[in-house]
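Participant: One structure follows; several queries about it will come next.
The values are calculated or read from the model by the stated rules, or taken from the named source; none is laboratory data. Here the structure is a predicted model, which is why all the values come from computation and not from measurement. Positions of Cβ are generated from backbone atoms using ideal geometry, with glycine treated the same way; all protein chains shown enter the neighbour counts.
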Amino acid sequence: MISLLHTADVHLGMGFPGLGEKGRDHREQLKRTFARIVDLALAERVSLVLIAGDLFDSHRQSEPTLTFVREQFLRLREGRIRVALLAGNHDPLGEGSVWTRARFESTCDNVTFFGPEPQVVVFQDLDLTVIGQSVGPDGPQTLSPWPRDRATRFAVGVAHGSAYREGVVEAGTIHPADIRRLGLDYLALGDWHSAQAVTGPPAPAWYAGAPEFLAMDQEAGQVLLVKIPTPGQAEVRAERVGRRRYRRVGIDVTGLDAERVRARVTAEVDLDTVLDVVLTGAAAPQMLIDVRELEEAIQDACFRARVRNQSTIWLEEEALEAFPERTLVGRYIRLLREQTAAAPPEERPILEEALQVGVNMLLGAEGS
């Protein structure tokens with residue numbers, strides 16, 4: 001049996017300017033999370049750690065950061081665990097590359113670093129073939145040139161790039177047809193920051209996602225543990241390693257004042273929560289939520305908060321009647337009122353809501 005730990009997109013050295021004073025701490029947290037990945041690999045006694053690109057956020061890395069990574073690789077070496085590593089689109093091979101300075105293979109003989117062309121490495125004692133390709137100066141590449149032959153019982157791959165999405169044109173797209181053609185027991189992918197499968201058995205390919213929070217709208221914080229008892233039978237399990245959790249919360253503000261909204265938002269968060277709040281529903285003008293004030297009010301309850309207002313204004317009858325009939329909004333109101341009066345009772349609530357939504361949209365169009 002082969003056991004793997006698959007990670008990618010660690011982005012060591014990332015700046016996080018949007019986090020303000022917390023940016024420096026979170027930059028250090030990426031290191032702590034990488035050390036936790038090593039702890040997990042040692043505890044699980046995996047055969048191989050796969051790092052599918054973007055270990056670094058850029059080529060500008062301090063010597064202490066490179067030393068730290070080297071120390072983690074040596075910890076794995078002490079546990080007799082190998083590392084298969086490649087460059088991603090944030091830390092690609094080329095002139096001025098961080099990998100020129102890092103040279104981990106010269107001090108860590110358990111590390112295999114893949115070049116910019118498809119490369120095959122055989123671990124005879126594991127009966128395992130690993131195929132990998134770093135991102136070079138020309139950017140991510142497709143899998144079409146990868147060799148299909150294997151001389152061992154097990155075969156896995158490591159690559160960095162974007163998977164095919166219908167209607168999206170990107171260079172170096174990783175296509176499911178190419179993945180299936182290769183017939184690998186597992187393909188470890190990097191680039192997308194949320195864990196997800198691209199293809200299923202018998203040739204599964206997965207993005208591990210980022211092991212720690214990097215940006216809003218991304219469900220990060222995990223690595224993948226992969227066990228392959230027999231060829232074509234990979235078992236994939238996500239394991240949480242990140243400290244900070246991204247959480248998206250939708251709040252219907254209908255009938256709520258600012259204090260009650262704040263209470264609902266902060267009811268289930270802690271200081272490691274990255275909170276993404278979306279306000280929906282309809283509010284009377286006198287109960288409108290000030291987004292900036294709400295963000296400031298909940299910042300101390302979580303690691304970071306973002307509030308977006310997608311709610312609409314619910315206008316009372318007096319406000320609706322105030323629009324002159326000669327205006328577009330006024331004519332729309334009167335037409336909807338006529339339709340509502342003629343409609344069956346069960347349809348009238350829908351038309352009343354349509355009236356409010358339409359008035360908001362028309363007012364927004366006039367304002368733009």
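Participant: Could you list, in sequence order, all residues of region 148-184 that are in contact with a Phe, Trp or Tyr (Cβ under 8 Å, 6 or more places away or on another chain) and under 18 Å from V83 (Cα atoms)?
Facilitator: V156, G157, V158
Participant: Let me ask something else about it. Given the options R240, R292, name the one that is over 20 Å from A305 (Cα atoms) and either loosely packed, with under 15 Cβ neighbours inside 10 Å or in contact with a Pro (Cβ under 9 Å, 6 or more places away or on another chain) (or both).
Facilitator: After ruling out the rest, the residue left standing is R240.
Participant: Just the residues that are buried (at least 20 other Cβ atoms within 10 Å of the Cβ) and at pLDDT 90 or above, please, taken from region 272-289.
Facilitator: Passing the criteria: T273, V274, L275, V277, L279.
Participant: Give the residue, chosen from A282, A234, that is of a type outside the set (D, E, K, R), over 23 Å from E28 (Cα atoms) and in contact with a Pro (Cβ under 6 Å, 6 or more places away or on another chain).
Facilitator: A234
Participant: If I filter region 147-173 down to residues being among the β-branched types (V, I, T) and at pLDDT below 95, which single residue comes out as surrounded by the most Cβ atoms within 10 Å (Cβ to Cβ)?
Facilitator: Ranking the qualifying residues of region 147-173, first place goes to T173.
Participant: Now for a separate question. Here is a list: E219, E212. Which entry is assigned to a loop (DSSP other than H, G, I, E, B), touching a Phe, Trp or Tyr at 6+ places or on another chain (Cβ under 7 Å) and of a type in the set (D, E)?
Facilitator: E219
Participant: Which one of T199, T173, T230 is farther than 30 Å from L279 by Cβ, outside the structural domain of R264 (by TED's automatic domain parsing) and touching a helix residue (DSSP H, G or I) at 6+ places or on another chain (Cβ under 8 Å)?
Facilitator: Only one candidate qualifies: T199.
Participant: Specify which of the listed residues (I333, I313) is in contact with a Leu (Cβ under 6 Å, 6 or more places away or on another chain) and more than 22 Å from R248 (Cβ to Cβ).
Facilitator: That would be I333, the only listed residue that is in contact with a Leu (Cβ under 6 Å, 6 or more places away or on another chain) and more than 22 Å from R248 (Cβ to Cβ).
Participant: In this structure, is A35 among the aliphatic types (A, V, I, L, M) and either touching a Ser or Thr at 6+ places or on another chain (Cβ under 7 Å) or over 16 Å from F68 (Cβ atoms) (or both)?
Facilitator: No, not satisfied.
Participant: Being out of contact with any strand residue (DSSP E or B) (no Cβ under 6 Å at 6 or more places or on another chain), surrounded by 15 or more Cβ atoms within 10 Å (Cβ to Cβ) and not small (G, A, S) is the filter here; which residues of region 299-336 pass it? Don't jump to the end; show me each part of the working.
Facilitator: Restricting attention to region 299-336, the residues satisfying the condition of being out of contact with any strand residue (DSSP E or B) (no Cβ under 6 Å at 6 or more places or on another chain) are 300-301, 313, 315-336.
Restricting the remaining residues to those that are surrounded by 15 or more Cβ atoms within 10 Å (Cβ to Cβ) gives 301, 313, 315, 320, 323, 329-330, 332-333, 336.
Of everything in region 299-336, those that are out of contact with any strand residue (DSSP E or B) (no Cβ under 6 Å at 6 or more places or on another chain), surrounded by 15 or more Cβ atoms within 10 Å (Cβ to Cβ) and not small (G, A, S) turn out to be I313, L315, L320, F323, V329, Y332, I333, L336.
Participant: Looking at this structure, is F56 surrounded by 19 or more Cβ atoms within 10 Å (Cβ to Cβ), in contact with a helix residue (DSSP H, G or I) (Cβ under 7 Å, 6 or more places away or on another chain) and at pLDDT below 95?
Facilitator: Here the answer is no, as F56 does not meet what is asked.
Participant: Is it true that T7 is under 20 Å from the mean Cα position of the chain (by Cα) and among the hydroxyl-bearing types (S, T, Y)?
Facilitator: yes
Participant: Do you know which residues across region 27-62 are within 29 Å of D127 (Cβ to Cβ) and free of Cβ contacts under 8 Å to residues at least 24 places away in the same chain?
Facilitator: Hits for region 27-62 are D39, A43.
Residue-by-condition table, conditions (1) touching a Phe, Trp or Tyr at 6+ places or on another chain (Cβ under 9 Å); (2) under 28 Å from I289 (Cβ atoms); (3) touching a residue at least 12 places away in the same chain (Cβ under 8 Å):
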site: E316; (1), (2), (3): no, yes, yes
site: A322; (1), (2), (3): no, yes, no
site: T327; (1), (2), (3): no, yes, no
site: G330; (1), (2), (3): yes, yes, no
site: I333; (1), (2), (3): yes, yes, yes
site: A341; (1), (2), (3): no, no, no
site: P344; (1), (2), (3): no, no, no
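Each row is one residue, and each column tells you yes or no for (1) buried (at least 20 other Cβ atoms within 10 Å of the Cβ); (2) among the small types (G, A, S); (3) closer than 27 Å to G23 by Cβ.
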site: L224; (1), (2), (3): yes, no, no
site: P231; (1), (2), (3): no, no, no
site: R247; (1), (2), (3): no, no, yes
site: R260; (1), (2), (3): no, no, no
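Participant: In this structure, is G183 surrounded by fewer than 14 Cβ atoms within 10 Å (Cβ to Cβ), closer than 26 Å to T112 by Cβ and in the same structural domain as G88 (by TED's automatic domain parsing)?
Facilitator: Yes; evaluated as a whole, the condition is true for this residue.
Participant: Those residues that are under 21 Å from G281 (Cα atoms) and among the small types (G, A, S), I need them from region 311-368; list them, please.
Facilitator: Within region 311-368, S311, A319, A354, G358, G364, A365, G367 qualify.
Participant: Out of the residues in region 67-84 that are surrounded by 18 or more Cβ atoms within 10 Å (Cβ to Cβ) and free of Cβ contacts under 8 Å to residues at least 40 places away in the same chain, state the one that is farthest from E28 (Cα to Cα).
Facilitator: It comes out as V83.
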